[in-house]
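Student: This is the structure I have questions about; it appears just below.
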Amino acid sequence: MRSVRRKWAECKLFRPVGVALGLLLAVPVTSSTNHAAEETTKSSFFLPKSPTAAAYVLGRLSNKELTEAPRSEFVYVALLKRKGLERKYRVEALEGLAKARNTDPLTELIGGLRGLDQKGEDSEPVLRDLAVILLQTKPADLAAKRSDLEKLATEAQLPLTRQMAYAAVITADGSADRTWPQVASDSAKLSDVLLAIPLLRDTNLRAALYPKVQPLLPKAEPAEVHRASIAAIAAVPGHDAETFNTLAALVQSGTEREAAVASLQKLPRKSWPREQAAMLIENLVGYLQSVPVDKRTEPEALGAFQFATDLTTLLPLAQAGAVSKTLRGLGVSVFVVRTIPEQMLYDQTLIVVEAGKPVAITLINDDAMPHNLVVVTPGAVEEIGTAAEKMPPEPDAQGRHYTPDSPKVLHGTKLVDPGQQSKLSFLAPEVPGEYPYVCTFPGHWRRMVGTLAVVPDVEVYLASHATADQPKVTEWKVEDLAPDLGQVSSGRNLARGKALFTKLACAGCHQLGVEGISYGPDLTDLLQRYQTNRADILRQILEPSLVISNRYRNIQFELKNGDELLGLIVQAEGERLTVQSGPSAALIQTLKLSDIKTQQPQSSSPMPLGLLNLLSKEEVFDLLAYLESGGQLPAHEHQH
């Protein structure tokens, strides 16, 4: 409440809301001194006794003002139902309402879901947030409220409310055996249950549903049940190959193509059979050619473009290029960019588009940490990346984290959690040039960057760059370099080593002399710590997860409010942990032990794999020499 005090005393939050309501508000002020002897001003305010009038007053507050408001039953109701709030405020609201009403949080949650459902589709963002809290509840607690949940599932007006309620019922029962016979003959209810399957947190529960869902895929009736079964099957693990074949057949036949394509894209890429790629692409191209040009940016067409683009990665290089040219000729530039697990890289570092034409980019995060994709003006990567590192972990008006408010930021996705994806659609700039796209999560921008080449003619650009030297990728092993490590001792280009230390983002996490950031281990005395054993130093760079000090081991925290956090434990003191989730002071936070539900040490290092893959042997040795120098360059190297 400390951040609330002066704001309420200054009456900044109470804008004119009518004379009658205004007379009901009072703002008595008191003052006190905290433990640091800093004088602050406490204040409180009184809301109208009428729930409707109180809701009106609270509705005039911004999200920030609402979260700072002195707590009361009316404020808790507002916190529970307001869009755009962090989940911790929902949990606080449920606990506060339970205490005020002498109930329990789950009862208040079910009641809140019912009230939001009655407000219509505008409530869906909050319902999705509350669904996470509902489905994280222990099955035994859900079982105690089963009748209320079943009633919500059958009586709610919004499909989303019904689906999350059915997911809770199935979780409570530990299977769908009790629910399935009750809905099998009712197409509307069966559709709701099918669409509840992706909401289930327990993979075993989802896997057990395969015998029930699979028979519906070939041709279920009516169409709504068929579409629901197609959507559901992608969330059922253990049968990816069979599911791909079944869904691919639907695409080929043109049956529920949009739903089938969407589900196929959710299946793990490793389960996609190469032998079907060309046939599916031919079918999708034929479909897209039949779509009027002005309709090719609608969801069904965009989904087909994206899937066809994804499938080209399974083709031989020459054939993939021909298909890409055909897709570009259809008038929409659709790209899929994936993150490479544990390497802090995009899988595509060059996207070529025509100036002023529509572009659609889907970022799929296959990594274990969050990433985004932000398009910036030429030359602005360092400025935007540095600014992002200083930002607190709070979303902007568009729900984006670590995206600076700058005219040099042109477009950007939200922060994409592991296993999730985000789509970005925009018109390419009118002015040709090389526009970088970058991950602005603190510490990532130095390494995780690509180029959006905006050109007058894509074909001319690709033809002129077809013979350009492609970067040579070498999967270096210690054994490849160990025989020549004696060359590190003399005649090295330390200036180039220093440049590589920055380019590879080492400086974004490690300190070496006066260079870099103290997030990972200090490298200044690296050679001494490894007892001058260069092979061991090289092995630790190439295999960062081989040996991880507990001080620098990531911990996955699950908090009782439903949030998750991945970070290093900086300090453990009493009942509190100080955790840092990235190489920025803005990413340090303190957790109470009582707020932590689980904490799981991670087996992989925060340091990415493949750091040296794009380097030559000489560049590797220059980098090692610079590391051994402790960041000290001779005078002539500085001049160079």
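The values are calculated or read from the model by the stated rules, or taken from the named source; none is laboratory data. No experiment lies behind these values; they were computed from the predicted model shown. Cβ atoms come from the backbone with ideal geometry, glycine included; neighbour counts cover every protein chain shown.
Student: Of the residues 541, 569, which single one is at pLDDT 85 or above, outside the structural domain of residue 402 (by TED's automatic domain parsing) and not in a strand (DSSP E or B)? Walk me through it before giving the result.
Tutor: Values: 569 fails: not in a strand (DSSP E or B).
Answer to the selection: 541.
Student: Right, here's the next one. What number of residues in region 429-474 are touching a Phe, Trp or Tyr at 6+ places or on another chain (Cβ under 9 Å), at pLDDT below 95 and aromatic (Phe, Trp, Tyr)?
Tutor: So the answer is 1.
Student: I've got another one for you. So, in region 115-128, how many residues would count as being in a helix (DSSP H, G or I) and surrounded by fewer than 17 Cβ atoms within 10 Å (Cβ to Cβ)? Show your work before the answer.
Tutor: Just the residues of region 115-128 that are in a helix (DSSP H, G or I), to begin with: 115-118, 121-128.
After this cut, where a residue has to be surrounded by fewer than 17 Cβ atoms within 10 Å (Cβ to Cβ) as well, the list is 115, 118, 121-122, 125, 128.
Qualifying residue count for the region: 6.
Student: Please determine, by comparing only the residues of region 365-384 that are over 14 Å from residue 443 (Cβ atoms) and among the β-branched types (Val, Ile, Thr), which one is surrounded by the fewest Cβ atoms within 10 Å (Cβ to Cβ).
Tutor: To start, the set of residues in region 365-384 that are over 14 Å from residue 443 (Cβ atoms) comprises 365-366, 368, 373-380, 383.
Among the residues that remain, those that are also among the β-branched types (Val, Ile, Thr) are: 374-377.
Working: 374: 27, 375: 23, 376: 26, 377: 18.
Among those that are over 14 Å from residue 443 (Cβ atoms) and among the β-branched types (Val, Ile, Thr), it is 377.
Student: Which residue out of 397, 387, 428 is among the hydrophobic types (A, V, I, L, M, F, W, C), surrounded by fewer than 17 Cβ atoms within 10 Å (Cβ to Cβ) and not assigned by TED's automatic domain parsing to the domain that holds residue 565? Break it down into steps so the answer makes sense when it comes.
Tutor: Working: 387 fails: surrounded by fewer than 17 Cβ atoms within 10 Å (Cβ to Cβ); 428 fails: surrounded by fewer than 17 Cβ atoms within 10 Å (Cβ to Cβ).
The unique qualifying residue is 397.
Student: Which residue out of 619, 558 is modelled with pLDDT of 80 or more and farther than 30 Å from residue 134 by Cα? Write out each step before concluding.
Tutor: Values: 558 fails: farther than 30 Å from residue 134 by Cα.
Going through 619, 558 in turn, the sole match is 619.
Student: For the subset of region 547-598 comprising residues that are among the hydrophobic types (A, V, I, L, M, F, W, C) and exposed (fewer than 14 other Cβ atoms within 10 Å of the Cβ), which member is nearest to residue 537 (Cα to Cα)? Walk me through how you get there before you give the answer.
Tutor: Of region 547-598, the ones among the hydrophobic types (A, V, I, L, M, F, W, C) are 547-548, 555, 557, 559, 565-566, 568-570, 572, 577, 579, 585-588, 591, 593, 596.
Checking which are exposed (fewer than 14 other Cβ atoms within 10 Å of the Cβ) leaves us with 547, 572, 585, 593.
On the way: 547: 11, 572: 29, 585: 28, 593: 36 Å.
The selected residue is 547.
Student: Further question on the same structure: Applying the selection to region 78-96, what residues are charged (D, E, K, R) and either surrounded by 16 or more Cβ atoms within 10 Å (Cβ to Cβ) or assigned to a helix (DSSP H, G or I) (or both)? Walk me through how you get there before you give the answer.
Tutor: Within region 78-96, the subset charged (D, E, K, R) is 81-83, 86-88, 90, 92, 95.
81, 82, 86, 87, 88, 90, 92, 95 - these are the residues of region 78-96 that are charged (D, E, K, R) and either surrounded by 16 or more Cβ atoms within 10 Å (Cβ to Cβ) or assigned to a helix (DSSP H, G or I) (or both).
Student: Just to verify a result, which residue in region 45-77, among those that are part of a loop (DSSP other than H, G, I, E, B) and either within 15 Å of residue 97 (Cα to Cα) or hydrophobic (A, V, I, L, M, F, W, C) (or both), is modelled with the lowest pLDDT?
Tutor: Step one: of region 45-77, the residues part of a loop (DSSP other than H, G, I, E, B) are 45-50, 60-62, 69-72.
If we keep only those that are either within 15 Å of residue 97 (Cα to Cα) or hydrophobic (A, V, I, L, M, F, W, C) (or both) too, we end up with 45-47, 61, 69-72.
Details: 45: 60, 46: 69, 47: 79, 61: 87, 69: 90, 70: 91, 71: 92, 72: 92.
The qualifying residue modelled with the lowest pLDDT is 45.
Student: Moving on to the next point. Confirm whether residue 404 is part of a loop (DSSP other than H, G, I, E, B), closer than 16 Å to residue 449 by Cβ and not aromatic (Phe, Trp, Tyr). Break it down stepwise before answering.
Tutor: Working: part of a loop (DSSP other than H, G, I, E, B): yes; closer than 16 Å to residue 449 by Cβ: yes; not aromatic (Phe, Trp, Tyr): yes.
When the stated conditions are applied, residue 404 passes them.
Student: In this structure, is residue 107 at pLDDT below 95, out of contact with any strand residue (DSSP E or B) (no Cβ under 8 Å at 6 or more places or on another chain) and either assigned to a helix (DSSP H, G or I) or under 20 Å from residue 205 (Cβ atoms) (or both)?
Tutor: Details: at pLDDT below 95: no; out of contact with any strand residue (DSSP E or B) (no Cβ under 8 Å at 6 or more places or on another chain): yes; either assigned to a helix (DSSP H, G or I) or under 20 Å from residue 205 (Cβ atoms) (or both): yes.
No, not satisfied.
Student: Output the number of residues of region 385-437 satisfying the condition of being touching a strand residue (DSSP E or B) at 6+ places or on another chain (Cβ under 7 Å), among the small types (Gly, Ala, Ser) and over 24 Å from residue 302 (Cβ atoms).
Tutor: Count: 2.
Student: When the residues of region 403-419 are narrowed to those that are touching a Pro at 6+ places or on another chain (Cβ under 9 Å), of a type outside the set (A, V, I, L, M, F, W, C) and at pLDDT below 90, which ends up farthest from residue 586 (Cα to Cα)?
Tutor: Top of the filtered list is 418.
Student: Shifting gears a bit: Looking at region 224-235, is at least one residue modelled with pLDDT of 95 or more, under 27 Å from residue 135 (Cα atoms) and touching a Phe, Trp or Tyr at 6+ places or on another chain (Cβ under 6 Å)?
Tutor: No; the residues of region 224-235 include none that is modelled with pLDDT of 95 or more, under 27 Å from residue 135 (Cα atoms) and touching a Phe, Trp or Tyr at 6+ places or on another chain (Cβ under 6 Å).
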